[in-house]
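A short write-up of the structure that comes next.
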Amino acid sequence: MSEINVTPFVDVMLVLLIIFMVAAPMLTVGVPVELPRTSAGALPAEQEEPLSITLTSDGTVLIMSSEIDPNELIPRLRAIAAERRDNKVFLRADGTIPYERVVQIMGALNSGGFNNIGLVTEQGGPRFDGAGN
């Protein structure tokens with residue numbers, strides 16, 4: 001027999017594909033935050049995984065899923081900005097956090113080289129257009 005049998009190879013690849021399809025959503029770990037609600041729609045998908053800064057209800061600041069001291073935020077952001085080609089960052093702030101603290105974090109993001117800030121919210125909030133919720 002002079003032909004290569006690719007059937008076992010295809011079977012293994014399909015099994016691996018199914019495993020990765022099931023496991024991929026579980027790899028995106030988030031920090032539980034009670035996001036405020038708004039009627040704004042979702043942003044289009046990005047090519048590079050966006051940087052995510054989370055501000056929890058107890059005031060903890062996280063870059064992606066790692067906790068950081070707020071005094072080290074700007075130097076860490078500058079180091080991250082030097083490695084990235086996109087300056088977009090998503091800010092996830094708990095809805096119970098005072099507005100002043102959120103704006104302070106936004107100022108730190110700007111000082112760290114990220115001036116394209118997207119605020120992450122939940123859908124279903126008030127629309128303010130007279131049409132109700």
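Do we find that V89 is free of Cβ contacts under 8 Å to residues at least 40 places away in the same chain, in contact with a Ser or Thr (Cβ under 9 Å, 6 or more places away or on another chain) and closer than 24 Å to S39 by Cβ in this structure? So that I can check it myself, show each step before the final result.
Values: free of Cβ contacts under 8 Å to residues at least 40 places away in the same chain: yes; in contact with a Ser or Thr (Cβ under 9 Å, 6 or more places away or on another chain): yes; closer than 24 Å to S39 by Cβ: yes.
So V89 fits the description; yes.
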Inset, instruction - Residue by residue through segment 47-96, note down the ones that are surrounded by 14 or more Cβ atoms within 10 Å (Cβ to Cβ) and among the basic types (K, R). - result: R76, R84, K88, R92
Legend entry - Failed criterion for V103 (all others in (1) surrounded by fewer than 14 Cβ atoms within 10 Å (Cβ to Cβ); (2) among the β-branched types (V, I, T); (3) free of Cβ contacts under 8 Å to residues at least 60 places away in the same chain; (4) within 17 Å of T38 (Cα to Cα) hold): (4)
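A short reminder: the numbers here are calculations on the coordinates, not readings from a lab. From a predicted model like this one, the values you see are computed outputs, not experimental measurements. Cβ coordinates were reconstructed from backbone atoms using ideal geometry, including for glycine residues, and neighbour counts include every protein chain displayed.
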